[in-house]
Structures are given as structure tokens and as C-alpha cells.
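Undergrad: Can you keep this structure in mind? I'll have questions shortly.
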Amino acid sequence: MDLFSHLLLLSMFLVLLWLFLRHRQGPALPLGPHPLPLLGTLHKLNLSRVHESFMQLAVQYGNVYTLWMGSKPVVVLSGFYAVREALASEAFLGRSYVSSMCRLIGNKGILMSNGKTWKQQRKFVLVALRNLGLGKKSMEQKIREEADYLLGVIAREEGKPLDPSTMIHNAVSNVIVSVVFGQRMDLQEALFLTLMESIHSMMHFQGSASGQLYDAFPGLMHLLPGPHKRAFAHADNLKRYIGTQIQEHRHSQHSEPRDFIDWYLSQINKTSADPESTFNDDSMLQVVMDLFFAGSESVATTLLWALLYMVTNPGVQERVQEELDSVVGCSAPPRYEDRQRLPYTSAVVHETQRYSNIVAGGAMRLSTRETSVQGHHIPKGTMVLPCLPSVLFDPEQWETPDKFNPGHFLDQEGNFRKREAFLPFSSGPRGCLGEQLARVELFVFFSSLLQRFTFTLPSGVTEPNMDYELGAILTPHPFQICAVLR
């Protein structure tokens, strides 16, 4: 038998295997585009703008439809009502296994864990963060300290063109560094810059086209060279550093916990005799990875988008500064509690989160029992993707969804108003663990920057690149601005 015949037989076998696997999926799934053997429906997605593909497919197939990652079905939920229904249901508290994420950070922490591990770890982390000042003035003081360092670094540029990306990422990341390790790091220290590079590389890979291919074909991609090798090397580098910090803390434990690692080590000691405990060194390392992965890039990226929106909407910037001047003044730094008296500034922060839409799609869920969404049957064990961008741009919920419009968060009297469809942090028990910290960081950093500086485009630049770079979050392309002292 010649080579062609062998290949033909192999192809027929693979197609039959794929059909068999599809047949085993059980009751009918929501309709969606017709999948191809082995590839599934990857051919229907623009991997560089995947969340836009999700929303376009919803126009054709409705707000609940099925895609295929190879032989695995994924039910995509689009629009406010479908997503809200799912996020409020206990049937979708499971986390689907995502190969790239589990390789990067593991599945014993919070982001990728399930069942008892998830419940114990999440409850402990919330308690520990509150003990470390979350929701209190002591935590805001840490943020204020980093904001002051950032203002000083920017001021030294004396209004010359600068790329704000690294300085903002470093300042925001140092907040979580101080919470986890007990002390801030020098923003120019080589070790700190290496750690930040590792986090950035991991975030960029996870939502990239390469990351999506790895998730669809992990066995094959594991054997091939590519960007995934570099991302995994960065993850291992970060794990080694965290492991070193854990050992140093273990050898120098105090009677009173100084930071998150101390709190976790204390919890390991308290639960060491409990056979049901999930607290151990592996889980601690992965929880710390979770905190770094989720607690640094998102806030910094949102602030970068905010600066871009200010230089492209100078009237909005001027109105924020007028409100800050009249309510807070020019000498005292803005505080988080001031947001109640700064409705327009708060509206701009919220609209930046909505319009920048930094979450490329959303975190994959897993149905823990047979259920339904909007009347569509969802079998137990099905991967489900609540598409958060489809909520933030839902034309039924927002007056001008495709425009940057702070008025979305203001009533007719100019007072701040909450919006049900504002879900940048997701919602429910699986919502963003760091939502409260992120809210404080965004307001304090943004209002401090606008109080101190007026941001403009460099001379000769009429329009910055407003497109995004794809990753786990959607980041702006590198840009330069001028920060002029007010």
C-alpha cells in the first residue's frame, strides 16, 4: 500500500473518531456554526479579534450558541440577559480545564480550581486580604504611596514625550508586591523588572492566537516550538522567585503575620492535622501566582487606556480637572471616599473600564449539572463562555455602546448612576477576587494623575493608534504622551 493510501485511511479514521466523539456528547447542544473534523469551528474565528468574532456569531445564531474546540463543545453566551442568568446560577460555578492557564499557574489555587479546593482557598484569601487592609484606609495608603512614586517619576520627565506603560505597570504591580511580600520593591531594580516582564509575557500569551491554539491542541503544541515555550519559562521563573520568598518567610516567621505569605503559612500550621485541608506549599504558591496574574496587569492596562482617552478627548480631561479642582483642590491628594463628591470623575473611570473592554472574552466556566440558559439545554460537564464584551457593548443596555461616553454613568442631574450591565469584573462567587482593590487603585491613580498633570499628544502627533494588542487582556499599542505639570 502506497503512502497516499495510508494517509487516506488515516484521514478516514480520524474523521470517524471525531464523529464518534461528537456522538458521545449526549443531548443536543444549542445550534452554532458547522464544525470541521479535528479543527472544530476554529475556521469561524478571527483569532486576533476573537471577542469580536463571538459577538458577530451571536447576530447569526442568537445569544446562546455552540462552538467547537476540536472535538470539545463550548457554549458561548452573549448579551446582558444570557450572561447575567448564567453568572447568577450555581450550575456554572465550575471552572473548565484550560491547558494554557493550568500550565502557567496551576489548578490548586483559586482561578483554575474547583470544589473544595476553590471554596477553601477563596474564603481564606478574602479573609487574609481584609486582615491586610483591603477595604480599609491602610490599604489605600499603600496605593497612595505608589501613586506618589509614579507622580514623581513622571514629573522628572518635565513634559517631554514619554511612554507611560512601564512606569504605570510597575507602580500598580508594587501594590500587590507589598501585600504579598510585606515590602515594596525598587521600581528600577533588575529583579523587579524581570518579574514584571514574566507576568507581562504570561498575560500576553494566554489570550493570544498562539495561546488559543495551545488550548485547542495542547498535546500537539507541547511538542512544537513557539511562543508557549517562552511563556512557560517565564511562569517557571516567577514560581521559583515566589518559592524562594516562601522559604525565607518560613525561616523568619513573626508572632504577628506581616503579609499574605505569613498569613498563609499560619493557616498551613493551623490546618496541618485536618485531612480535608487543601492548605499546603503548592496551593500557597499557586494562590500567590493567581494574585499576581489577576492583580497587576488589568488595572495598569485600564489606566493606559484612560490616558489615551484623555488625550483624544481633551474636553473630558478638562472637565475632570475642573471637578477635581473645585471639590478636592490642588494640594491634598484625592481619596477614594472623594468619589462620592466627584460624579464626573467616577463616570470617566467607569466608562474607561466599559469602553476599553480589556477582557478579551471572559473566563471559561463548566456546568456542574444539567441546566438551561434562555431556554437552551446545557448538559452537565459542558464548557460555557459568558462573553463579557457582549455585555459591555450590548446595544440594548447602552445608549452609544461604540463611543466613549461618560454620560452612560450620569443621570440628567449629573449625578453618578450605577448600571446593571457594567460587568467588567464579572459577578457572582466566581467574580474577580480583586474587584474591591482594583476599584480603589483605578480611582486613586487616575484622579491623582489628572490632578497633577495635563496629558497631551507629542508635537506632530495628531492621532494615536487606538487599536489593541491581543493577550489575556487587550492592551494598547506602545504610545507616547506629554505630561505637563498643572
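The values are calculated or read from the model by the stated rules, or taken from the named source; none is laboratory data. Computed from a predicted model, the values in this text were never measured in an experiment. As a convention, Cβ positions derive from the backbone with ideal geometry for all residues, glycine included, and neighbour counts pool all protein chains shown. Please note that ligands, DNA and RNA were not included when accessible areas were found on the heavy atoms of the full protein model with its side chains. Shrake-Rupley method; radii C 1.70, N 1.55, O 1.52, S 1.80 Å.
Undergrad: In degrees between 0 and 90, to the nearest 10, how far off the longest principal axis of the chain does helix 281-295 point, with axes built from Cα atoms?
TA: Roughly 60 degrees between the two axes.
Undergrad: Return one whole number: the accessible area per residue of the chain in Å², for a 1.4 Å probe.
TA: About 45 Å² of surface per residue is accessible.
Undergrad: Okay, moving on. Roughly how many Å is it from the Cα centre of region 418-480 to that of region 366-392, as a whole number?
TA: 28
Undergrad: Moving to a separate point now. What pairs in Lys108/Lys239; Lys72/Lys380; Lys142/Lys239; Lys44/Lys380 have C-alpha atoms more than 19 Å from each other?
TA: From Lys108/Lys239; Lys72/Lys380; Lys142/Lys239; Lys44/Lys380, over 19 Å: Lys142/Lys239; Lys44/Lys380.
Undergrad: Compute, for region 425-486, the length of the dipole vector about the Cα centre, with Cβ point charges of +1 (Lys, Arg) and -1 (Asp, Glu) only. Units Debye, rounded to 20.
TA: Computed about the Cα centre, the dipole is about 280 debye.
Undergrad: Among the aspartates and glutamates, which have Cα under 18 Å from the Cα of Lys116 when same-chain residues fewer than 8 positions away are ignored?
TA: List returned: Glu90, Asp274, Glu276, Asp281, Asp282, Asp290.
Undergrad: How tilted is helix 50-61 with respect to the longest principal axis of the chain? Cα atoms for both, answer in degrees (0 to 90, nearest 10).
TA: That helix lies at roughly 60 degrees to the long axis.
Undergrad: Let me ask another. Where the centroid of each part is defined by its Cα atoms, how far is region 54-101 from region 152-221 in Å?
TA: What the calculation gives is 29 Å, centre to centre.
Undergrad: Under a cut-off of 16 Å between alpha-carbon atoms, report the aspartates and glutamates in cross-link reach of Lys229, not counting same-chain residues fewer than 8 places apart.
TA: Those aspartates and glutamates meeting the cut-off are Glu197, Asp215.
Undergrad: Collect residues whose amide H, placed 1.01 Å from N in the peptide plane, falls under 5 Å from the amide H of Gly94; neighbours closer than 5 in sequence don't count.
TA: Leu366, Thr368
Undergrad: Considering only protein heavy atoms and a 1.4 Å probe, what is the carbon-and-sulfur percentage of the accessible area of region 151-293?
TA: 55
Undergrad: By average Cβ neighbour count within 10 Å, what is the ranking of 300-313, 83-96, 131-144 from highest down?
TA: Result, highest mean first: 300-313, 83-96, 131-144.
Undergrad: Let me have the 222 nm mean residue ellipticity of the chain computed from DSSP H runs of 4+ only, each contributing -39500 (n - 2.57), with the sum over all residues rounded to the nearest 500.
TA: -16500 deg cm²/dmol
Undergrad: Mean separation of Cα pairs under 8 Å and 6+ residues apart, divided by the residue count of the chain: what relative contact order is that in percent?
TA: Worked out over the chain, it gives 23 percent.
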